[in-house]
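All remarks here apply to the structure that follows.
The values are calculated or read from the model by the stated rules, or taken from the named source; none is laboratory data. If you're wondering where the values come from, they're calculated on a predicted model, not measured in any experiment. Here the Cβ is made from the backbone with ideal geometry for all residues, glycine too, and neighbour counts use every protein chain on show. Heavy atoms of the whole protein, side chains included, go into the accessibility calculation; ligands, DNA and RNA do not. Shrake-Rupley method; radii C 1.70, N 1.55, O 1.52, S 1.80 Å.
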Amino acid sequence: MRAFQLTAAQTTELREVPEPQPGPGEVLVQVGAAGACHSDLHLMQAPAEALSAFPVPFTLGHENAGWVHALGAGVGGFEQGEPVAIYGILACGRCRACLAGRDNECRNVPPSGIGIGRDGGMAPFLSVPARQLIPIGDLDVAQAAPLTDAGLTPYHAIAINRDALTPGSTCVVIGIGGLGHMAIQILAATTAARIIAVDVEQRHLALARDIGAHETVRSGGQAQAEIRDLVGPAPGGADVVLDFVCLDETLALGAAVVSTGGRLTLVGLGGGTLPLQVGIAPTIPFQVSLEIPFWGTRAELAEVIALARAGLIFAHIERFSLTDARTAYERLEHGEIDGRAVVVP
Ligand SMILES: NC(=O)c1ccc[n+]([C@@H]2O[C@H](COP(=O)([O-])OP(=O)(O)OC[C@H]3O[C@@H](n4cnc5c(N)ncnc54)[C@H](O)[C@@H]3O)[C@@H](O)[C@H]2O)c1
Ligand SMILES: [Zn+2]
Ligand SMILES: [Zn+2]
(Lines give C-alpha, C1' and ligand atoms only; values in the text may rest on other atoms or scores of the structure.)
(Ligands and ions follow the chains in the order given, each with its own letter.)
Protein backbone atom coordinates (compact mmCIF):
# COMPACT_ATOMS: atom_id res chain seq x y z
CA MET A 1 0.00 0.00 0.00
CA ARG A 2 1.08 3.63 -0.36
CA ALA A 3 1.68 5.79 2.72
CA PHE A 4 2.55 9.48 3.20
CA GLN A 5 5.59 9.34 5.46
CA LEU A 6 8.11 11.54 7.20
CA THR A 7 11.24 9.69 6.09
CA ALA A 8 13.98 12.03 7.39
CA ALA A 9 14.25 15.54 8.80
CA GLN A 10 12.41 17.92 6.44
CA THR A 11 11.63 15.08 4.01
CA THR A 12 8.22 13.60 3.23
CA GLU A 13 7.51 10.89 0.67
CA LEU A 14 4.47 9.11 -0.65
CA ARG A 15 5.93 5.62 -0.82
CA GLU A 16 5.16 1.93 -0.99
CA VAL A 17 5.15 0.16 2.41
CA PRO A 18 3.94 -3.29 3.55
CA GLU A 19 0.30 -3.48 4.64
CA PRO A 20 0.29 -3.68 8.47
CA GLN A 21 -0.86 -6.86 10.24
CA PRO A 22 -2.69 -6.52 13.58
CA GLY A 23 -0.45 -7.80 16.37
CA PRO A 24 -1.81 -9.31 19.61
CA GLY A 25 -4.24 -6.86 21.21
CA GLU A 26 -4.40 -4.73 18.07
CA VAL A 27 -7.10 -3.88 15.54
CA LEU A 28 -6.46 -3.30 11.84
CA VAL A 29 -8.47 -0.25 10.78
CA GLN A 30 -9.33 0.67 7.22
CA VAL A 31 -8.67 4.41 7.27
CA GLY A 32 -11.67 6.52 6.26
CA ALA A 33 -10.01 9.88 6.83
CA ALA A 34 -6.89 11.40 8.39
CA GLY A 35 -6.77 15.08 9.34
CA ALA A 36 -3.77 17.26 8.46
CA CYS A 37 -2.71 19.06 11.66
CA HIS A 38 -0.34 22.01 11.95
CA SER A 39 1.69 19.90 14.42
CA ASP A 40 2.63 17.72 11.42
CA LEU A 41 4.03 20.84 9.76
CA HIS A 42 6.11 21.54 12.90
CA LEU A 43 7.39 17.93 12.73
CA MET A 44 8.03 18.17 8.98
CA GLN A 45 10.03 21.39 9.44
CA ALA A 46 11.97 20.32 12.55
CA PRO A 47 15.75 19.81 12.51
CA ALA A 48 17.04 16.23 12.88
CA GLU A 49 17.93 16.74 16.61
CA ALA A 50 14.32 17.61 17.42
CA LEU A 51 13.12 14.34 15.84
CA SER A 52 15.13 12.06 18.17
CA ALA A 53 11.96 11.36 20.20
CA PHE A 54 10.03 10.50 17.02
CA PRO A 55 12.07 7.93 15.08
CA VAL A 56 11.62 8.19 11.30
CA PRO A 57 10.34 6.84 8.97
CA PHE A 58 6.71 6.85 10.09
CA THR A 59 3.39 7.46 8.38
CA LEU A 60 1.91 10.88 9.25
CA GLY A 61 -1.68 11.44 10.34
CA HIS A 62 -2.66 11.51 14.04
CA GLU A 63 -6.35 12.44 13.56
CA ASN A 64 -7.90 9.24 12.31
CA ALA A 65 -11.22 7.49 11.85
CA GLY A 66 -12.28 4.51 9.77
CA TRP A 67 -13.75 1.03 9.93
CA VAL A 68 -12.66 -2.06 11.87
CA HIS A 69 -11.11 -4.41 9.29
CA ALA A 70 -9.47 -7.29 11.22
CA LEU A 71 -8.82 -8.21 14.85
CA GLY A 72 -5.47 -9.32 16.26
CA ALA A 73 -5.10 -12.19 18.74
CA GLY A 74 -7.00 -11.69 21.98
CA VAL A 75 -9.25 -8.86 20.74
CA GLY A 76 -13.04 -9.12 20.89
CA GLY A 77 -16.02 -6.81 21.08
CA PHE A 78 -15.66 -5.24 17.64
CA GLU A 79 -17.44 -6.11 14.43
CA GLN A 80 -15.90 -5.93 11.01
CA GLY A 81 -16.99 -2.71 9.30
CA GLU A 82 -17.79 -0.95 12.59
CA PRO A 83 -17.00 2.80 12.30
CA VAL A 84 -14.50 4.04 14.88
CA ALA A 85 -12.45 7.09 15.80
CA ILE A 86 -8.91 6.56 17.00
CA TYR A 87 -7.70 8.14 20.24
CA GLY A 88 -4.17 9.19 19.28
CA ILE A 89 -2.25 9.32 22.57
CA LEU A 90 -0.12 6.32 23.47
CA ALA A 91 0.49 6.17 27.21
CA CYS A 92 1.64 3.61 29.79
CA GLY A 93 -1.84 2.93 31.22
CA ARG A 94 -0.31 2.24 34.67
CA CYS A 95 0.97 5.51 36.17
CA ARG A 96 -1.16 7.62 38.53
CA ALA A 97 -2.20 9.99 35.71
CA CYS A 98 -3.16 7.16 33.33
CA LEU A 99 -5.07 5.37 36.11
CA ALA A 100 -7.05 8.57 36.65
CA GLY A 101 -7.86 8.64 32.91
CA ARG A 102 -5.36 11.39 32.07
CA ASP A 103 -3.29 9.64 29.40
CA ASN A 104 -2.33 13.14 28.17
CA GLU A 105 -0.31 13.56 31.42
CA CYS A 106 1.36 10.12 31.43
CA ARG A 107 4.35 10.12 33.79
CA ASN A 108 6.18 7.37 31.88
CA VAL A 109 5.69 7.91 28.14
CA PRO A 110 6.83 11.27 26.68
CA PRO A 111 4.24 13.08 24.50
CA SER A 112 3.86 11.04 21.30
CA GLY A 113 1.08 9.25 19.50
CA ILE A 114 -0.23 7.35 16.55
CA GLY A 115 1.12 9.31 13.59
CA ILE A 116 3.72 11.01 15.81
CA GLY A 117 6.72 8.69 15.96
CA ARG A 118 4.61 5.64 15.08
CA ASP A 119 2.66 4.92 11.87
CA GLY A 120 -0.45 7.09 11.49
CA GLY A 121 -3.43 7.23 9.18
CA MET A 122 -2.18 8.71 5.91
CA ALA A 123 -2.40 5.26 4.31
CA PRO A 124 -5.24 2.85 3.48
CA PHE A 125 -4.69 0.76 6.66
CA LEU A 126 -3.48 1.35 10.20
CA SER A 127 -2.99 -1.08 13.08
CA VAL A 128 -3.55 0.24 16.62
CA PRO A 129 -4.03 -1.16 20.15
CA ALA A 130 -7.74 -1.99 20.62
CA ARG A 131 -7.83 0.42 23.60
CA GLN A 132 -7.43 3.37 21.20
CA LEU A 133 -10.77 2.83 19.42
CA ILE A 134 -13.96 4.74 20.21
CA PRO A 135 -17.22 3.87 18.41
CA ILE A 136 -18.74 6.79 16.44
CA GLY A 137 -22.14 5.34 15.51
CA ASP A 138 -23.64 7.03 12.46
CA LEU A 139 -21.17 9.95 12.42
CA ASP A 140 -19.39 10.39 9.06
CA VAL A 141 -15.76 9.18 9.36
CA ALA A 142 -14.47 12.32 7.61
CA GLN A 143 -16.21 14.37 10.33
CA ALA A 144 -14.96 12.12 13.10
CA ALA A 145 -11.27 12.20 12.12
CA PRO A 146 -10.68 15.91 12.98
CA LEU A 147 -12.63 15.50 16.21
CA THR A 148 -9.83 13.30 17.61
CA ASP A 149 -7.43 16.26 17.83
CA ALA A 150 -8.79 19.49 16.27
CA GLY A 151 -11.93 18.81 18.35
CA LEU A 152 -10.44 17.10 21.40
CA THR A 153 -7.55 19.50 22.09
CA PRO A 154 -9.70 22.67 22.30
CA TYR A 155 -12.39 20.70 24.17
CA HIS A 156 -9.80 19.85 26.84
CA ALA A 157 -8.42 23.43 26.87
CA ILE A 158 -11.97 24.70 27.45
CA ALA A 159 -12.76 21.99 30.02
CA ILE A 160 -9.85 23.00 32.27
CA ASN A 161 -11.15 26.59 32.17
CA ARG A 162 -14.85 25.79 32.51
CA ASP A 163 -15.13 27.34 35.99
CA ALA A 164 -13.89 30.67 34.53
CA LEU A 165 -16.18 30.57 31.47
CA THR A 166 -19.27 31.69 33.36
CA PRO A 167 -22.10 33.74 31.82
CA GLY A 168 -20.75 37.29 31.47
CA SER A 169 -17.17 36.12 30.90
CA THR A 170 -15.11 36.80 27.77
CA CYS A 171 -12.87 34.34 25.94
CA VAL A 172 -10.31 35.49 23.37
CA VAL A 173 -9.49 32.77 20.82
CA ILE A 174 -6.30 33.37 18.82
CA GLY A 175 -5.83 31.37 15.57
CA ILE A 176 -9.04 30.22 13.88
CA GLY A 177 -7.69 27.25 11.95
CA GLY A 178 -8.35 23.55 12.50
CA LEU A 179 -8.34 23.76 16.31
CA GLY A 180 -9.62 27.34 16.63
CA HIS A 181 -12.73 26.83 14.51
CA MET A 182 -13.69 23.89 16.71
CA ALA A 183 -12.90 25.92 19.87
CA ILE A 184 -15.41 28.59 18.85
CA GLN A 185 -18.15 26.01 18.33
CA ILE A 186 -17.36 24.18 21.58
CA LEU A 187 -17.43 27.49 23.49
CA ALA A 188 -20.74 28.41 21.85
CA ALA A 189 -22.23 24.97 22.53
CA THR A 190 -21.07 24.48 26.12
CA THR A 191 -20.61 27.97 27.65
CA ALA A 192 -22.29 31.38 27.63
CA ALA A 193 -18.94 33.21 27.28
CA ARG A 194 -18.62 36.09 24.84
CA ILE A 195 -16.22 34.92 22.13
CA ILE A 196 -13.64 37.22 20.50
CA ALA A 197 -11.87 35.54 17.56
CA VAL A 198 -8.44 36.72 16.38
CA ASP A 199 -6.67 35.70 13.16
CA VAL A 200 -4.41 37.18 10.47
CA GLU A 201 -6.64 35.89 7.66
CA GLN A 202 -9.94 37.69 6.94
CA ARG A 203 -11.46 34.47 5.54
CA HIS A 204 -10.83 32.67 8.84
CA LEU A 205 -12.48 35.57 10.70
CA ALA A 206 -15.48 35.32 8.36
CA LEU A 207 -15.78 31.60 9.20
CA ALA A 208 -15.45 32.48 12.92
CA ARG A 209 -18.45 34.84 12.67
CA ASP A 210 -20.50 32.18 10.84
CA ILE A 211 -19.92 29.57 13.55
CA GLY A 212 -20.51 31.58 16.72
CA ALA A 213 -17.85 34.23 17.41
CA HIS A 214 -19.44 37.41 18.75
CA GLU A 215 -16.56 39.69 17.72
CA THR A 216 -13.60 39.32 15.36
CA VAL A 217 -10.27 41.14 15.43
CA ARG A 218 -7.55 41.09 12.78
CA SER A 219 -4.18 40.12 14.30
CA GLY A 220 -1.52 42.81 14.05
CA GLY A 221 -0.58 46.23 15.36
CA GLN A 222 -4.14 47.33 16.22
CA ALA A 223 -5.32 44.06 17.76
CA GLN A 224 -4.47 44.89 21.38
CA ALA A 225 -6.31 48.25 21.24
CA GLU A 226 -9.32 46.70 19.48
CA ILE A 227 -9.61 43.91 22.05
CA ARG A 228 -9.19 46.41 24.89
CA ASP A 229 -12.11 48.40 23.42
CA LEU A 230 -14.19 45.23 23.73
CA VAL A 231 -13.04 43.99 27.16
CA GLY A 232 -12.32 47.28 28.92
CA PRO A 233 -9.15 48.55 30.60
CA ALA A 234 -6.74 46.76 32.96
CA PRO A 235 -6.88 45.45 35.63
CA GLY A 236 -9.93 43.88 33.93
CA GLY A 237 -9.78 42.15 30.56
CA ALA A 238 -10.39 38.74 29.01
CA ASP A 239 -11.24 36.00 31.50
CA VAL A 240 -9.66 33.31 29.32
CA VAL A 241 -7.25 33.56 26.39
CA LEU A 242 -6.88 30.44 24.23
CA ASP A 243 -3.77 30.84 22.04
CA PHE A 244 -3.73 28.34 19.16
CA VAL A 245 -0.67 29.97 17.58
CA CYS A 246 1.92 30.83 20.30
CA LEU A 247 4.30 33.00 18.31
CA ASP A 248 5.99 35.91 20.16
CA GLU A 249 3.31 38.33 18.92
CA THR A 250 0.31 36.23 19.96
CA LEU A 251 1.81 35.42 23.38
CA ALA A 252 2.40 39.16 23.93
CA LEU A 253 -1.17 39.91 22.80
CA GLY A 254 -2.63 37.36 25.21
CA ALA A 255 -0.60 38.72 28.15
CA ALA A 256 -1.67 42.27 27.23
CA VAL A 257 -5.42 41.57 27.20
CA VAL A 258 -5.86 38.91 29.91
CA SER A 259 -7.65 40.11 33.03
CA THR A 260 -6.24 40.09 36.53
CA GLY A 261 -7.27 36.65 37.78
CA GLY A 262 -7.65 35.38 34.20
CA ARG A 263 -6.26 32.34 32.42
CA LEU A 264 -3.66 32.20 29.69
CA THR A 265 -3.95 28.87 27.91
CA LEU A 266 -1.16 28.15 25.45
CA VAL A 267 -2.09 25.42 22.99
CA GLY A 268 -0.12 26.35 19.84
CA LEU A 269 3.36 24.95 19.27
CA GLY A 270 4.57 28.04 17.42
CA GLY A 271 7.84 28.22 19.36
CA GLY A 272 7.33 31.76 20.67
CA THR A 273 8.72 33.15 23.91
CA LEU A 274 6.73 34.90 26.63
CA PRO A 275 8.96 36.93 28.99
CA LEU A 276 7.85 36.43 32.57
CA GLN A 277 8.94 38.97 35.17
CA VAL A 278 7.38 38.95 38.60
CA GLY A 279 7.72 42.11 40.68
CA ILE A 280 5.80 45.23 41.63
CA ALA A 281 4.83 45.62 37.96
CA PRO A 282 4.63 42.00 36.69
CA THR A 283 4.59 41.35 32.92
CA ILE A 284 1.56 39.09 33.40
CA PRO A 285 -1.22 40.41 35.68
CA PHE A 286 -1.56 39.18 39.26
CA GLN A 287 -3.63 36.04 39.87
CA VAL A 288 -3.30 34.85 36.26
CA SER A 289 -2.94 31.09 35.73
CA LEU A 290 -0.88 29.79 32.86
CA GLU A 291 -1.79 26.45 31.29
CA ILE A 292 -0.02 24.43 28.60
CA PRO A 293 -2.53 21.71 27.77
CA PHE A 294 -1.67 18.62 25.75
CA TRP A 295 -4.34 16.95 23.55
CA GLY A 296 -7.09 15.53 25.83
CA THR A 297 -8.45 12.47 27.59
CA ARG A 298 -10.30 9.49 26.17
CA ALA A 299 -13.41 10.46 28.17
CA GLU A 300 -13.27 13.96 26.67
CA LEU A 301 -13.04 12.48 23.16
CA ALA A 302 -16.24 10.54 23.85
CA GLU A 303 -17.86 13.86 24.89
CA VAL A 304 -16.64 15.60 21.71
CA ILE A 305 -18.11 12.79 19.61
CA ALA A 306 -21.39 13.11 21.53
CA LEU A 307 -21.46 16.87 20.84
CA ALA A 308 -20.94 16.21 17.12
CA ARG A 309 -23.58 13.46 17.05
CA ALA A 310 -26.00 15.90 18.70
CA GLY A 311 -25.33 18.33 15.83
CA LEU A 312 -23.84 20.98 18.13
CA ILE A 313 -20.37 21.08 16.55
CA PHE A 314 -19.34 20.46 12.98
CA ALA A 315 -15.83 20.19 11.51
CA HIS A 316 -15.52 22.27 8.33
CA ILE A 317 -13.47 19.97 6.14
CA GLU A 318 -11.79 20.06 2.78
CA ARG A 319 -11.01 16.60 1.35
CA PHE A 320 -7.76 15.62 -0.36
CA SER A 321 -6.67 12.30 -1.89
CA LEU A 322 -3.55 10.58 -0.54
CA THR A 323 -1.71 11.66 -3.71
CA ASP A 324 -2.49 15.27 -2.78
CA ALA A 325 -1.44 15.01 0.90
CA ARG A 326 1.56 17.26 0.30
CA THR A 327 -0.67 19.87 -1.36
CA ALA A 328 -2.95 19.80 1.70
CA TYR A 329 0.02 20.61 3.97
CA GLU A 330 1.32 23.31 1.61
CA ARG A 331 -2.08 25.00 1.66
CA LEU A 332 -2.27 24.63 5.44
CA GLU A 333 1.13 26.29 5.78
CA HIS A 334 -0.09 29.27 3.73
CA GLY A 335 -3.29 29.74 5.75
CA GLU A 336 -5.42 28.61 2.79
CA ILE A 337 -7.43 25.88 4.56
CA ASP A 338 -10.76 26.95 6.06
CA GLY A 339 -11.30 24.61 9.00
CA ARG A 340 -9.48 21.29 8.53
CA ALA A 341 -7.92 19.46 5.58
CA VAL A 342 -8.60 15.72 5.68
CA VAL A 343 -6.87 13.12 3.57
CA VAL A 344 -9.18 10.36 2.35
CA PRO A 345 -6.93 7.44 1.37
N1 LIG B 1 -1.01 21.38 22.60
C2 LIG B 1 -1.55 20.43 21.87
O3 LIG B 1 -1.91 19.37 22.36
C4 LIG B 1 -1.76 20.66 20.39
C5 LIG B 1 -2.58 19.76 19.67
C6 LIG B 1 -2.80 20.01 18.31
C7 LIG B 1 -2.21 21.12 17.71
N8 LIG B 1 -1.42 21.94 18.43
C9 LIG B 1 -0.82 23.15 17.85
O10 LIG B 1 -1.85 24.12 17.76
C11 LIG B 1 -1.55 25.03 16.70
C12 LIG B 1 -2.74 25.17 15.77
O13 LIG B 1 -2.92 24.00 15.02
P14 LIG B 1 -3.95 23.97 13.80
O15 LIG B 1 -3.82 22.61 13.19
O16 LIG B 1 -5.26 24.49 14.23
O17 LIG B 1 -3.27 25.03 12.82
P18 LIG B 1 -3.92 25.84 11.58
O19 LIG B 1 -2.82 26.16 10.67
O20 LIG B 1 -5.11 25.10 11.07
O21 LIG B 1 -4.47 27.16 12.29
C22 LIG B 1 -3.63 28.20 12.72
C23 LIG B 1 -4.42 29.49 12.56
O24 LIG B 1 -3.66 30.56 13.13
C25 LIG B 1 -3.72 31.66 12.26
N26 LIG B 1 -2.55 32.50 12.52
C27 LIG B 1 -1.29 32.36 12.08
N28 LIG B 1 -0.50 33.34 12.56
C29 LIG B 1 -1.29 34.11 13.35
C30 LIG B 1 -1.08 35.27 14.14
N31 LIG B 1 0.11 35.85 14.20
N32 LIG B 1 -2.14 35.79 14.81
C33 LIG B 1 -3.37 35.22 14.75
N34 LIG B 1 -3.62 34.13 14.02
C35 LIG B 1 -2.60 33.58 13.32
C36 LIG B 1 -3.78 31.06 10.87
O37 LIG B 1 -4.30 31.98 9.91
C38 LIG B 1 -4.70 29.87 11.11
O39 LIG B 1 -6.06 30.25 10.98
C40 LIG B 1 -0.30 24.48 16.01
O41 LIG B 1 0.85 25.13 16.54
C42 LIG B 1 -0.31 23.02 16.43
O43 LIG B 1 0.96 22.44 16.40
C44 LIG B 1 -1.19 21.74 19.76
ZN1 LIG C 1 -2.50 17.58 15.99
ZN1 LIG D 1 1.02 6.62 32.20
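Quick query: amide H of Glu291 versus all other amide H atoms, modeled in the peptide plane; which residues come in under 5 Å with a sequence gap of 5 or more or a different chain?
Hits under the 5 Å cutoff: Leu264, Thr265, Leu266.
Considering only protein heavy atoms, what is the solvent-accessible area of Ser112 at a probe of 1.4 Å, reported in Å² to the nearest 10?
Surface open to solvent at Ser112 totals about 30 Å².
Can you give the charge dipole size of the stretch 235-345 about its Cα centre, rounded to the nearest 20 debye, using +1 on the beta carbon of Lys and Arg and -1 on the beta carbon of Asp and Glu?
300
³J(HN,Hα) across the stretch 180-193 via Karplus (A = 6.51, B = -1.76, C = 1.60, θ = phi - 60°), whole Hz, x for Gly/Pro?
Using θ = phi - 60°, the values come out as x, 6, 6, 4, 4, 5, 5, 4, 5, 7, 10, 9, 10, 5 Hz.
How large is the charge dipole for the chain, taken about the Cα centre, if only the Cβ atoms of Lys, Arg (+1) and Asp, Glu (-1) carry charge, to the nearest 20 debye? Before the final figure, lay out the partial values.
Details: 21 positive and 35 negative charges, 128 e Å.
In debye, rounded to 20, the chain gives about 620.
Charges only on Cβ, +1 for Lys and Arg, -1 for Asp and Glu: so what's the dipole of the stretch 161-291 about the Cα centre, in debye to the nearest 20?
Using only the charged Cβ atoms, the result is roughly 160 debye.
I want to make sure I understand the PRE zone here: with the label point 7 angstrom from the Cα of Asp210 toward its beta carbon, which residues in the stretch 134-177 have backbone N atoms less than 16 Å away?
Answer for this model: 176-177.
Taking R0 as 56 Å, what FRET efficiency do you get between Leu14 and Ile280 from their Cβ-Cβ distance, rounded to the nearest 0.05?
Working: r = 57 Å, r/R0 = 1.02.
Calculated transfer efficiency: 0.45.
Asn108 to Thr323: FRET efficiency via 1/(1 + (r/R0)^6), r the Cβ-Cβ distance, R0 51 Å, to the nearest 0.05?
Working: r = 39 Å, r/R0 = 0.76.
The value I calculate is 0.85.
Sequence-distant or interchain residues sharing an amide H contact under 5 Å with Phe58, placed H: which?
Here the answer is Leu6, since their amide H atoms fall under 5 Å of that of Phe58.
Extension gain Phe294-Val56, at 0.36 nm per residue separation less the Cα-Cα distance, in nm?
83.5 nm
Relative contact order, percent, of the chain when contacts are C-alpha pairs under 8 Å separated by at least 6 residues?
Relative contact order here is 18 percent.
With every protein chain present, what accessible area does Glu82 have (1.4 Å probe, heavy atoms only), rounded to the nearest 10 Å²?
50
Given an 8 Å cut-off on Cα distances and at least 6 residues of separation, report the relative contact order of the stretch 1-133 as a percent.
Reported as a whole number, the value is 34 percent.
Can you give the extra length, in nm with one decimal, that the chain gains between Glu79 and Ile160 once fully stretched, where that is 0.36 nm per residue apart less the Cα-Cα distance?
The span from Glu79 to Ile160 would gain 25.7 nm if fully extended.
Each residue of the stretch 319-328 in order: what ³J(HN,Hα) in whole Hz does its phi give by Karplus 6.51 cos²θ - 1.76 cosθ + 1.60, θ = phi - 60°, with x for Gly and Pro?
Residue by residue, the stretch 319-328 yields 8, 10, 7, 4, 4, 9, 4, 4, 4, 4 Hz.
How much length is gained on full extension from Ala192 to Glu333, taking 0.36 nm per residue of separation minus their Cα-Cα distance?
Going from the current span to full extension adds 47.5 nm.
Report Rg(Cα)/(2.2 N^0.38 Å) for the chain, keeping two decimals.
Against the empirical 2.2 N^0.38 Å value, I get 0.98 for the chain.
Would you kindly work out the equivalent ellipsoid of the stretch 89-133 from its C-alpha gyration tensor and give its semi-axes, the square roots of five times the eigenvalues, largest first in whole Å?
Details: eigenvalues 98, 24, 8 Å².
Semi-axes (√(5λ), whole Å): 22, 11, 6.
To the nearest 10 degrees, how steep is helix 298-309 against the longest Cα principal axis of the chain, on a 0 to 90 scale?
Taking the Cα atoms of the chain, the angle to 298-309 is about 80 degrees.
Once the Cβ-Cβ distance between Leu99 and Thr273 is put in as r, and R0 is 45 Å, what FRET efficiency do you end up with, to the nearest 0.05?
Computed FRET efficiency for Leu99 and Thr273 comes out at 0.80.
Of Ala188, Cys246, Val278, whose Cα points farthest to the positive end of the dipole of the stretch 161-291 (charges on the beta-carbon: +1 Lys, Arg; -1 Asp, Glu; origin at the Cα centre)?
Positive-end residue among those listed: Ala188.
Scan around Ile317 for amide H atoms under 5 Å from its own, H built in the peptide plane at 1.01 Å from N, and keep only partners 5 or more places away or cross-chain.
Close amide H contacts, sequence-distant or interchain: Arg340.
Among Val257, Gly212, Pro111, pick out the residue whose Cα is farthest towards the positive end of the charge dipole of the chain, where Lys and Arg carry +1 and Asp and Glu carry -1 on C-beta, about the Cα centre.
Going by the charge dipole, the pick is Pro111.
Which whole-Hz ³J(HN,Hα) couplings does the stretch 336-344 yield from phi under the Karplus relation 6.51 cos²θ - 1.76 cosθ + 1.60, θ = phi - 60°, glycine and proline marked x?
9, 9, 8, x, 10, 8, 10, 9, 10
Would you list Leu251, Leu179 from the most to the least accessible area, probe 1.4 Å?
Correct descending sequence by accessible area is Leu179, Leu251.
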